[in-house]
Amino acid sequence: MKQPSALSALVEALRVLPGVGPKSAQRMAVHLMQHDREGAERLGRSLLFATEHLQHCEKCNTFTEAQICEVCSDEERDPTLLCVVETPADQIMLEQTMTYRGLYFVLMGRLSPLDGIGPKEIHFDRLVRRASDGVVKEVVLATNFTNEGEATAHYLGQTLKARGLAVTRLARGVPVGGELEYVDAGTIARAMLDRRTM
């Protein structure tokens, strides 16, 4: 039996989510249509609202509804510390530890030459400008401990050290191959407190 085109379109739309394959997308679509149409409508409205209202912070590149995000606008933050993360989800996890009071730069990815992701795609020039503003003294590299995350940290670290900045890396409390988004706040807090010079 061929499914209705509207259901097929919903299944395909759900497949863009990370970790969602065809069967999972099919189950989600059928569940929403069969058991939770109100939830489906709320999801649709929320997605539309987010795509219309979220933009990148002019300073740190994270998601925000304003030109400058809440963290960058907070005058209580230490502007001499700049923590570099791969994604807004990583930034949120670090914030939940309540151990870091500096500012951020969100790469929106990591170096992956095989996937065509180079320095331009991770906003490398913007990061260098931000880190070289004369205020930043230490850059904390909080990229994930995956091969690509390590390569990104190495590349960024070498470039930023050459500009006279102190560069540190999160300590290895985070498991090798682990992504910050999936690590508990206590482990991230320990890694932040035990960061090391590169």
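The values are calculated or read from the model by the stated rules, or taken from the named source; none is laboratory data. Computed from a predicted model, the values in this text were never measured in an experiment. Cβ coordinates were reconstructed from backbone atoms using ideal geometry, including for glycine residues, and neighbour counts include every protein chain displayed.
Filter the range 146-162 for residues that are out of contact with any strand residue (DSSP E or B) (no Cβ under 7 Å at 6 or more places or on another chain) and either under 17 Å from Leu103 (Cβ atoms) or surrounded by 20 or more Cβ atoms within 10 Å (Cβ to Cβ) (or both); which is modelled with the highest pLDDT? It would help to see each step written out before you state the result.
Residues of the range 146-162 that are out of contact with any strand residue (DSSP E or B) (no Cβ under 7 Å at 6 or more places or on another chain), as a first pass: 146-147, 149-152, 154-155, 158-159, 162.
Next, only the ones that are either under 17 Å from Leu103 (Cβ atoms) or surrounded by 20 or more Cβ atoms within 10 Å (Cβ to Cβ) (or both) stay: 149, 152.
On the way: Gly149: 92, Thr152: 95.
Once the filter is applied, the top-ranked residue is Thr152.
Of all the residues that make up the range 68-92, how many are of a type in the set (Ser, Thr, Tyr) and under 22 Å from Ser112 (Cβ atoms)?
As a first pass, look at the range 68-92 and keep what is of a type in the set (Ser, Thr, Tyr): 73, 80, 87.
Within this subset, residues satisfying the condition of being under 22 Å from Ser112 (Cβ atoms) are 87.
Summing the residues that are of a type in the set (Ser, Thr, Tyr) and under 22 Å from Ser112 (Cβ atoms) in the range 68-92 gives 1.
Do you know which residues across the range 163-184 are in a loop (DSSP other than H, G, I, E, B) and either surrounded by fewer than 15 Cβ atoms within 10 Å (Cβ to Cβ) or modelled with pLDDT of 95 or more (or both)?
The first filter runs over the range 163-184 and keeps only residues in a loop (DSSP other than H, G, I, E, B), leaving 163-165, 170-179, 183-184.
Arg163, Gly164, Ala171, Arg172, Pro175, Val176, Gly177, Asp184 - these are the residues of the range 163-184 that are in a loop (DSSP other than H, G, I, E, B) and either surrounded by fewer than 15 Cβ atoms within 10 Å (Cβ to Cβ) or modelled with pLDDT of 95 or more (or both).
For the range 67-79, give me each residue that is over 9 Å from Leu103 (Cβ atoms) and surrounded by fewer than 14 Cβ atoms within 10 Å (Cβ to Cβ). Let's see the steps before the verdict.
Filtering the range 67-79 down to residues over 9 Å from Leu103 (Cβ atoms) leaves 67-70, 73, 75-76.
Selection gives Gln67, Ile68, Glu70, Ser73, Glu75, Glu76.
Taking the range 1-17 as the region of interest, how many residues are under 21 Å from Glu41 (Cα atoms) and either loosely packed, with under 13 Cβ neighbours inside 10 Å or not hydrophobic (A, V, I, L, M, F, W, C) (or both)?
Residues flagged as under 21 Å from Glu41 (Cα atoms) and either loosely packed, with under 13 Cβ neighbours inside 10 Å or not hydrophobic (A, V, I, L, M, F, W, C) (or both) within the range 1-17 amount to 10.
Name the residue, out of Thr143, Thr159, that is of a type in the set (Ser, Thr, Tyr) and not in a helix (DSSP H, G or I).
On the way: Thr159 fails: not in a helix (DSSP H, G or I).
Thr143 is the lone residue from the list that is of a type in the set (Ser, Thr, Tyr) and not in a helix (DSSP H, G or I).
Restricting attention to the range 47-65, does a residue exist that is in contact (Cβ under 8 Å) with a residue 12 or more places away in the chain, part of a strand (DSSP E or B) and either polar (S, T, N, Q) or more than 29 Å from Leu160 (Cα to Cα) (or both)?
Yes, that holds for at least one residue.
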